[in-house]
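Student: Got a structure for you, questions after.
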Amino acid sequence: MELKPTMLQERIAALDILRGVSLVGILLVNMFAFYLPMPHIDLASWFTAPSDIVWQQNLDIYVQGSFYPLFAMLFGYGLAMQWQKAQSRAQNFYTLGLRRLAILFAFGVIHAVLIWWGDILMMYAFCGVFLVLLLRLRPIWLISIAFIINGLMQAVMLFALGFLTVNGEVDNYLNIVAVENAITAYGTGSWGDALLQRLTDLSVQAGIGMWFMALFTILPYMLVGAAASKWQLVERAKEQKWLWLTLAIAGLAIGIAVKSLPIMFTRTYLFDYLKVYIGGPVLSVGYAAVIVLLCLAPVVPKLLRPFANIGRMSLTMYIMQSIIGTCLFYQFGFGWYGKVSVATGVLIATGIIIVQMIIAEIWLSKWKQGPLEALWRKLIYRQKVKMH
C-alpha cells in the first residue's frame, strides 16, 4: 500500500491557525530584508528617526526571533504526524519523507536564487533530514536530544564570547561597501543587478557556518515539535489545558522580559544573545500555547479561519510574500527600496496578509490545497493529486 497525502478532514484547525500566524510574524520580520540592505547592517542601530526606533524595538521584542522557532516546531509536528500515520499502516516512511525534503530543498533553491535571498526552506529541508532519522525515538528522547544539542550550542557560544566580551557594549560595525552595493543593486539596478546581489547576500545567508548553526538552533525546535506531536499535545489540548496554560503564562512573561533586556538596559552582547537564543524561542512557545488555548472555544477556530486558510497554503503564501515584497521594493518593480518607514513597512505587511487571506479564501472555496502544495504532493507521491 502506498502512502497518501493528508486529506482535508484529517487536518487540525489549531495547527493551520498556528502556521498562518507564523507566516504573519515571518513576513513582519522579512519586511526589513525586503527594503533594507540586510544582512549587512545591525538593525537595532540602523534607524535614527524616533518613530522608526520605537517601531523597530517593539518588533524586536514581540516578533523578531519568535516565529521561525514556532514554524520549525510546526514543521516537526507535521513531519512526525506523517511518520506516525505511516507506522500505523505498516508503511515505510523514510523514502517518501526524504523525497519530500529533497523537493522542498529544490523549492528553496529556486526561491533563493530567482526571487529572494532570505529563504528558509533550504535550511528546514536540511534539518528535516536529521529529524527523519530520529523520528523512531520516543518523545522524551527527542526532547532530551533537542535540549542537549541546543544547550551545547549555548555553552560553547557563551564560552567563546568570553566574560569581558559578553558584558561589553555591542560594537555597531557597519560594512559600508556591502551596504552601498545592496542599495545600488536593489534600489536602482535592473533584475540582473538584483540577481547578482542576491547571490552575494545568499552567500552570507547560506554560508557554511549557517548550515552548521541550523543544526543547533532550528533542528532542536523541530525535535520539540515532533515530541509534542507524538504526545498529541495539540489534539489532546482540552485534557492538557493546565500544561498549555502554564506554557502560555511562562512563555509570554519570560519571553517578553528576556527580549526586552537590550532595550530596557544597556545593550550588551550578553543581552543580545539572551534575546535571540532564549527569549525568542520561549516567547514562541507562549504564543503557541495562547493560540491552542483559544482554539478550545468552538467559536475561535471559525473566527480565525482566515489565518487557518493561509496556514493550509503555507508554502504558496510564503513564496507569494517574497514575490510581492521584491516587486514592491526593488527597482524593476515599484522601487520603494529604502524609502519607507518601519511603520509603513508594517502597514504594507498587513495589507499583504489581508490580500493573501482573500486569495486563500477564494482559492480554497474551489480547491483543497494551494497550487505549490499540489505540485509538491504530485512530485512526492508521483501521482496526480486531486486539488478539488
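The values are calculated or read from the model by the stated rules, or taken from the named source; none is laboratory data. Quantities reported herein were computed from a predicted structural model and do not represent experimental measurements. Backbone-built Cβ (ideal geometry, glycine too); neighbour counts: all protein chains shown. Surface accessibility is based on the protein's heavy atoms, side chains included, excluding ligands, DNA and RNA. Shrake-Rupley method; radii C 1.70, N 1.55, O 1.52, S 1.80 Å.
Student: Are any residues in region 193-218 surrounded by fewer than 14 Cβ atoms within 10 Å (Cβ to Cβ) and assigned to a loop (DSSP other than H, G, I, E, B), and if so, which ones?
Tutor: GLY207
Student: Output the helices (runs of 4 or more DSSP H) that fall wholly within region 248-294 and possess 2 or more residues being under 17 Å from LEU43 (Cβ atoms), or say none.
Tutor: 261-264, 269-274
Student: What are the residues in region 219-235 that are in contact (Cβ under 8 Å) with a residue 60 or more places away in the chain and either closer than 20 Å to ALA112 by Cα or open to solvent by 30 Å² or more (accessible area, probe 1.4 Å) (or both), if any?
Tutor: Hits for region 219-235 are VAL224, LYS230, TRP231, GLU235.
Student: Within region 264-274, identify whether any single residue is under 16 Å from PRO69 (Cα atoms) and of a type outside the set (Lys, Arg), and answer yes or no.
Tutor: Yes, some residue in region 264-274 is under 16 Å from PRO69 (Cα atoms) and of a type outside the set (Lys, Arg).
Student: Listed residues VAL300, VAL285; which is in contact (Cβ under 8 Å) with a residue 12 or more places away in the chain, open to solvent by less than 50 Å² (accessible area, probe 1.4 Å) and more than 12 Å from ASP16 (Cβ to Cβ)?
Tutor: Matching residue, one of VAL300, VAL285: VAL285.
Student: Can you pull out every residue in region 141-184 that is open to solvent by 70 Å² or more (accessible area, probe 1.4 Å), within 17 Å of ILE278 (Cα to Cα) and modelled with pLDDT of 85 or more?
Tutor: PHE147, ILE148, LEU152
Student: A further question follows. Considering only region 336-345, I want to know if a residue exists there that is surrounded by 18 or more Cβ atoms within 10 Å (Cβ to Cβ), under 21 Å from the mean Cα position of the chain (by Cα) and at pLDDT 95 or above.
Tutor: Taking every residue of region 336-345 in turn, at least one turns out to be surrounded by 18 or more Cβ atoms within 10 Å (Cβ to Cβ), under 21 Å from the mean Cα position of the chain (by Cα) and at pLDDT 95 or above.
Student: Let me ask you something else. Can you tell me which residues in region 78-133 are open to solvent by 30 Å² or more (accessible area, probe 1.4 Å) and either touching a strand residue (DSSP E or B) at 6+ places or on another chain (Cβ under 6 Å) or assigned to a loop (DSSP other than H, G, I, E, B) (or both)?
Tutor: ARG89, ALA90, ASN92, ILE115, ILE120 - these are the residues of region 78-133 that are open to solvent by 30 Å² or more (accessible area, probe 1.4 Å) and either touching a strand residue (DSSP E or B) at 6+ places or on another chain (Cβ under 6 Å) or assigned to a loop (DSSP other than H, G, I, E, B) (or both).
Student: Scan region 304-325 and tell me whether some residue there is in contact with a helix residue (DSSP H, G or I) (Cβ under 8 Å, 6 or more places away or on another chain), surrounded by fewer than 19 Cβ atoms within 10 Å (Cβ to Cβ), more than 26 Å from LEU121 (Cβ to Cβ) and in contact (Cβ under 8 Å) with a residue 40 or more places away in the chain.
Tutor: Checked against the condition, which is being in contact with a helix residue (DSSP H, G or I) (Cβ under 8 Å, 6 or more places away or on another chain), surrounded by fewer than 19 Cβ atoms within 10 Å (Cβ to Cβ), more than 26 Å from LEU121 (Cβ to Cβ) and in contact (Cβ under 8 Å) with a residue 40 or more places away in the chain, region 304-325 yields no hits at all.
Student: Within region 348-373, how many residues turn out to be under 21 Å from the mean Cα position of the chain (by Cα) and either open to solvent by less than 40 Å² (accessible area, probe 1.4 Å) or farther than 21 Å from ARG19 by Cα (or both)?
Tutor: Result for region 348-373: 11.
Student: Between residues in region 46-67 that are outside any loop (DSSP other than H, G, I, E, B) and residues that are surrounded by 21 or more Cβ atoms within 10 Å (Cβ to Cβ), which pairs lie under 6 Å by C-beta distance while being six or more apart or on different chains?
Tutor: As it stands, the answer is ASP52/VAL342; TRP55/VAL342; GLN56/VAL342; ILE61/LYS259, since those pairs meet every condition given.
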